[in-house]
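The structure appears right after this line, and notes come after that.
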Amino acid sequence: MGVYGLRSTLKVPESIVYGSHTVEELGQHTQKYGKRAVLIRGGRSLEKSGNYEKILSILKKDKISVEEIGGISHDPDEDQVRGIVEKVRTIQPDVVIGIGGGSVIDTAKAVSIIATCGGEVSDYWKGRVFDRPSIPYIAVPTTSGTGAEITKNAVITSHDHSFKKSIRSEYMIPNIALVDPTLTISMPSNLTAQTGLDALIQNLEAYTSKNAGPITDTLAREGIGLAGRYLIRACTTPDEPEPREGLSLAALYGGITLANAGLGLAHGLSHPLGIRFNIPHGQACAITMPSVIELNYPARKNRYDEVAKLLGTGPDAVSAFRTLLHKLGISTKLGDYGVTKDHIPLIVDESKGGSRRFNPIDHSDETVSTLLEELL
Ligand SMILES: [Fe+2]
């Protein structure tokens, strides 16, 4: 059996709508589910960009009544989700629209399903199963990174903020993912870099995952190439439409590929690094990525060699990745983020399970400890 004979499945939203100015169609898509919408959003950046007023007028034009729930924090916790579920249950909307970055998209995803299935976030952490569909949910990202508009999980923080953990179900895949690159034009350069690195690494880890297959490979290769071509350009010329279109597509492909092929060790380590040392997610993935490529290289030589060509920034995948990080001003020294040797056992412990299962080679905790020690 050749590589094209490998098993490959795709589980995706009912509709994926991509393209500049597709947000103009939001009212028409919403109407499929009814006339009463709850719109969940984050802080003030959507208003500052002018996109919020625009979205409200689009919905008004199509006679959608809107109740707004704003102020979703960067790391939504159990208590915040509970409060929004109570509001949504009172409103009883036909459809939920989540507009924002990954945290907003995930919060709206969690709220839409808990509103129909009942219970608390912690019940589902402990193993309770979602047993029916969510309120119809339309996800509209305003960043180009997480791909949360595609995936079936929502990352929620514990109420004491000591850990983050996903709840997940196929019922949580948004009904519609509407990806309009023009909504990302107002993103500042540092956020563009952090989210763009997440998009790149999600495609890269899915492409080299144990669970990679021909359908996800095709999208992942394209996503890596788009990120290589446009990440720096989107940071240096933030108002230029073409790099935004390329990065939005890379993020969309990253969401599809991670949801269907899994990720790897860099993502596994990003969770404790992110929460314990307050490092943005994409950056937390990027810090260990060159070392993870070195570790995995013997198992996926051809694929990493292809990644180097797709990135176009170095003769091999490690140096190509390092060059990219250097241009973005991102350090791969853990000491620069406050990590010491004493922290390593905790980081290793909290990185277990999840993404590490799909890493192309099996690896012991000792191997991971050594990898981290070399980055101090
Ligand atoms: Fe990620």
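Laid out as a table, the results:
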| item | result |
| --- | --- |
| Matching residues in the stretch 23-51 - criterion: being in contact with a Ser or Thr (Cβ under 9 Å, 6 or more places away or on another chain) and either part of a helix (DSSP H, G or I) or closer than 20 Å to residue 218 by Cα (or both) | 23, 29, 45, 46, 48, 51 |
| Residues within the stretch 52-84 that are assigned to a helix (DSSP H, G or I) and among the polar types (S, T, N, Q), tallied | 2 |
| The stretch 31-45 residues that are within 13 Å of residue 59 (Cβ to Cβ), paired with ones that are surrounded by 21 or more Cβ atoms within 10 Å (Cβ to Cβ) and modelled with pLDDT under 95 (beta carbon under 7 Å, 6 or more apart) | 41/72 |
| Test: residue 349 is over 17 Å from residue 210 (Cβ atoms) and either assigned by TED's automatic domain parsing to the domain that holds residue 271 or of a type in the set (Phe, Trp, Tyr) (or both) | yes |
| Where residue 33 falls short, out of the listed (1) at pLDDT 95 or above; (2) touching a His at 6+ places or on another chain (Cβ under 9 Å); (3) buried (at least 17 other Cβ atoms within 10 Å of the Cβ) | (2) |
| Test: residue in the stretch 239-250 that is within 16 Å of the ligand (Cβ to nearest atom) and either among the aromatic types (Phe, Trp, Tyr) or in contact with a His (Cβ under 7 Å, 6 or more places away or on another chain) (or both) | no |
| Looking only at the stretch 140-185, and only at residues there that are farther than 21 Å from residue 278 by Cβ, within 16 Å of the ligand (Cβ to nearest atom) and free of Cβ contacts under 8 Å to residues at least 60 places away in the same chain, the one that is farthest from the chain's Cα centre (by Cα) | 168 |
| Matching helices (runs of 4 or more DSSP H) fully within the stretch 255-332 where at least 3 residues are away from the ligand (no atom under 16 Å from the Cβ) | 281-296, 301-311, 317-328 |
| Selection count, the stretch 36-46, where residues are surrounded by fewer than 24 Cβ atoms within 10 Å (Cβ to Cβ) and under 17 Å from residue 103 (Cβ atoms) | 5 |
| Scan of the stretch 148-189 for residues that are crowded, with 24+ Cβ neighbours inside 10 Å and among the polar types (S, T, N, Q), ordered by number | 151, 184 |
| Long-range neighbours under 9 Å by Cβ, at least six apart or interchain, first residue within 18 Å of residue 76 (Cβ to Cβ) within the stretch 117-130, second of a type in the set (Gly, Ala, Ser) and modelled with pLDDT under 95 | 121/158; 122/158; 125/158; 125/166 |
| Pairs where the first residue, in the stretch 73-93, is in contact (Cβ under 8 Å) with a residue 24 or more places away in the chain and the second is of a type in the set (Asp, Glu), C-beta under 6 Å, 6+ apart | 91/67 |
| Identity of the residue in the stretch 211-229, buried (at least 24 other Cβ atoms within 10 Å of the Cβ) and among the β-branched types (Val, Ile, Thr), that ends up nearest to residue 306 (Cα to Cα) | 224 |
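The values are calculated or read from the model by the stated rules, or taken from the named source; none is laboratory data. Bear in mind that the values here come from a model prediction, so they are computed numbers and not experimental data. Neighbour counts are summed over all protein chains in view; Cβ atoms, including those assigned to glycine, are modelled from backbone coordinates with ideal geometry.
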